[in-house]
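Student: Below are the structure tokens for one structure; questions will follow.
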Amino acid sequence: MSWKPLILCVDDTPSILEGRKMLLEENGYRVLAATNGKQAVGAFMANSVDLVVLDYHMPEMDGGIVATRMKESKPDVPVMLLSGDECLPEEVLDTADCFMSKSEPIAGFLEQVDYLLSLRILFRPLPGLN
């Protein structure tokens, strides 16, 4: 496979961010990393991202706000929201395409990444068609 999906990975805990970035790269993905919501929105707007993996609990701008801003500008890019909490408020869940607890096994996380990327590829608009 010559084309590799680009995943924007966002977490305010550097060790978690680096671990997730390494895991995704080892599984054949290109990864952009951001440590806060403002950085994440900037990277999202400046790059052709195929998937966002987004921590919910972050200072200044939580994952729900970040997901809302991303969906307003590029609604076709899937957003996976992660949290140490087992559940989040309904209005937050509505901002993302997927919610996963950080306690989920790695295999489940990677399955969900593959699934969301397959949807992105399947429903991506073809160039030149309006």
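The values are calculated or read from the model by the stated rules, or taken from the named source; none is laboratory data. As the structure is a prediction and not an experimental result, all values here were calculated from the model. Here the Cβ positions follow ideal geometry from the backbone for every residue, glycine too, while neighbour counts run over all protein chains shown. Heads up: the accessible areas ignore ligands, DNA and RNA and are worked out on the full protein's heavy atoms, side chains in. Shrake-Rupley method; radii C 1.70, N 1.55, O 1.52, S 1.80 Å.
Student: Rounded to the nearest 0.05, what FRET efficiency do Tyr115 and Glu72 give with R0 = 30 Å and r taken as the Cβ-Cβ distance? Could you check?
Tutor: Working from the Cβ atoms, E equals 0.80.
Student: Kindly provide the GluC sites (Glu not before Pro) of the range 11-58 that DSSP labels as loop, not H, G, I, E or B, and whose Cβ sees at most 14 other Cβ atoms within 10 Å.
Tutor: none
Student: For Ile106, Ile16, Ile7, give the ranking by accessible area with the largest first, probe 1.4 Å.
Tutor: In descending accessible area the options line up as Ile106, Ile16, Ile7.
Student: Continuing with the same structure: For the range 7-66, place one equal point scatterer on every Cα, skip the solvent, and apply the Debye formula. What is log10 of I(q)/I(0) at q = 0.13, 0.28, 0.29 Å⁻¹?
Tutor: Reported log10 I(q)/I(0), two decimals: -0.28, -1.20, -1.26.
Student: What nm value, rounded to one decimal, do you get for the distance between Glu26 and Lys4 when each label is placed 7 Å out toward the C-beta?
Tutor: Reported label-point gap for Glu26 and Lys4 is 1.5 nm.
Student: Would you check the accessible area of Tyr56, probe 1.4 Å, heavy atoms only, in square angstrom rounded to 10?
Tutor: Counting only protein heavy atoms, Tyr56 exposes about 30 Å² to solvent.
Student: Roughly to the nearest percent, how much of the accessible area of the range 1-80 is carbon and sulfur, given a 1.4 Å probe?
Tutor: For the range 1-80, the apolar C and S fraction of the accessible surface comes to 54 percent.
Student: Next question, about the same structure. Based on the Cβ-Cβ distance of Asp94 and Ile16, what FRET efficiency does E = 1/(1 + (r/R0)^6) give at R0 = 25 Å, to the nearest 0.05?
Tutor: The value I calculate is 0.50.
Student: Which whole-number percentage describes the relative contact order of the range 1-88, with Cα contacts under 8 Å and a sequence gap of 6 or more?
Tutor: Relative CO of the range 1-88 lands at 30 percent.
Student: What order do Met22, Met80 take when sorted by accessible area (1.4 Å probe), most exposed first?
Tutor: Most to least solvent-accessible, the answer reads Met22, Met80.
Student: Ser15: accessible area at probe 1.4 Å, nearest 10 Å²?
Tutor: 90 Å²
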